[in-house]
1. Please find, within the stretch 20-32, the residue that is nearest to Gly70 (Cα to Cα) out of those that are modelled with pLDDT of 85 or more and not in a loop (DSSP other than H, G, I, E, B).
2. Between His40, His47, His101, His51, which is in contact with a Phe, Trp or Tyr (Cβ under 6 Å, 6 or more places away or on another chain) and at pLDDT 80 or above?
3. Do we find that Thr75 is of a type in the set (S, T, N, Q), open to solvent by 70 Å² or more (accessible area, probe 1.4 Å) and at pLDDT 80 or above in this structure?
4. Based on this model, can you work out whether Tyr58 counts as open to solvent by 70 Å² or more (accessible area, probe 1.4 Å), under 28 Å from Glu127 (Cα atoms) and within 11 Å of the chain's Cα centre (by Cα)?
5. If you check Asn144, Asn108, Asn85, which single one turns out to be modelled with pLDDT of 85 or more and loosely packed, with under 14 Cβ neighbours inside 10 Å?
6. Testing Arg122 on (1) surrounded by 10 or more Cβ atoms within 10 Å (Cβ to Cβ); (2) modelled with pLDDT under 85, one condition comes back false. Which one is that?
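The values are calculated or read from the model by the stated rules, or taken from the named source; none is laboratory data. The shown structure was predicted, so the numbers you read here are calculated from the model rather than taken from an experiment. Note: ideal-geometry Cβ built from the backbone for every residue, glycine included; neighbour counts use all protein chains shown. Heavy atoms of the whole protein, side chains included, go into the accessibility calculation; ligands, DNA and RNA do not. Shrake-Rupley method; radii C 1.70, N 1.55, O 1.52, S 1.80 Å.
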Amino acid sequence: MNPFDFFVDLPRFANPICATIEDKDLFFPEGPKLEAEILHQLKAICHSCSHEKECKEYALEKQIPYGVFGGLSATERNALIDEENKDNILKGMALKVYKLHQKGFTANEIADKLLTSRSYARRVLKELLATEQGAVLLHQQTKNSSKGLG
């Protein structure tokens, strides 16, 4: 994923507090040290916004790997995303597609069963597969890089 792909699909809320902040880069601190220094300020901004929950849900659903959304840093969001709470992240039709896929249905069968487009079912499954593969690859890279540390 290109790090800036998600900018095209940023959430659109009426009068979010973050829109009043001149320096939008503030919400994308470079490095853990800077993030730690300003995270409490960013959380305060998010907590004062009426769209905090929607923004948080958006970032979790899209699995945005950077920045602060809805008062959560990328690290905090990643901690929330695991197999046990995937049902809480996926909503509506995407959750139904995921559950039918777990039962062994193909994308076309899922689309027919849910009366949705086949391209939508394929896109949801493609995103889920990419997310799952990314997690496996990251785990393998971490495992391999720690072998020489003993």
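1. Going through the qualifying residues, I end up with Phe27.
2. When all the criteria are applied, what remains is His51.
3. yes
4. No, not satisfied.
5. None of the other options fit; the residue is Asn108.
6. Exception for Arg122: condition (2).
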